[in-house]
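To keep things clear, I will list the structure first and then write my remarks on it.
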Amino acid sequence: MDWKDKTFLIAEDDEINYNLLKIILKQTGAKIIWAQNGLEALNIFGKENLIDLILMDIQMPIMDGHEASFKIRKIDKKVPIIVVSAYTTFEVRERAREVGTNDFINKPVQVNSLLDTISKYV
């Protein structure tokens, strides 16, 4: 996959999880920006006008992924937001849908699942 012209924002507070996503996406050529919490993701998204896709963790400090996604949706209705979370209950998935996310990937992340899901949106 050649996504050299794409910029992805990864909102993930755990450095190991972030590095795993970064390693997987490195092969695609996409530019990666890291936000370590939901508030940082919101601030970066507001400043960077060229974010093509967001990978959003749910459980983060300062501002969780649900709130960050909701606020990003107020700014931009179209940017794809894919939740990447170990919390996979119906309630978590339903809340993600309610705040406007586009898709959901379970942790631990499977490489093919991640790339296939992103491919639907870029």
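At-a-glance table
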read-out: Condition check for Ala41: within 21 Å of Thr117 (Cβ to Cβ), of a type in the set (A, V, I, L, M) and in contact with a Gly (Cβ under 7 Å, 6 or more places away or on another chain); value: no
read-out: Identity of the residue in region 105-122, assigned to a loop (DSSP other than H, G, I, E, B) and not aromatic (Phe, Trp, Tyr), that ends up most open to solvent (accessible area, probe 1.4 Å); value: Lys120
read-out: Within region 93-104, tally of residues that are open to solvent by less than 30 Å² (accessible area, probe 1.4 Å) and part of a helix (DSSP H, G or I); value: 1
read-out: Helices (runs of 4 or more DSSP H) contained entirely in region 5-81, each with at least 2 residues that are open to solvent by 30 Å² or more (accessible area, probe 1.4 Å), at pLDDT 95 or above and of a type in the set (D, E, K, R); value: 15-26, 65-75
read-out: Test result for Thr89, closer than 21 Å to Gln110 by Cα, of a type outside the set (A, V, I, L, M) and open to solvent by less than 30 Å² (accessible area, probe 1.4 Å); value: no
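The values are calculated or read from the model by the stated rules, or taken from the named source; none is laboratory data. On a predicted model such as this, the values are computed, not experimentally measured, just so you know. Don't worry about glycine lacking a Cβ; one is built from the backbone with ideal geometry, like all the others, and counts go over all protein chains shown. Side chains included, ligands, DNA and RNA excluded: accessible areas come from the protein's heavy atoms. Shrake-Rupley method; radii C 1.70, N 1.55, O 1.52, S 1.80 Å.
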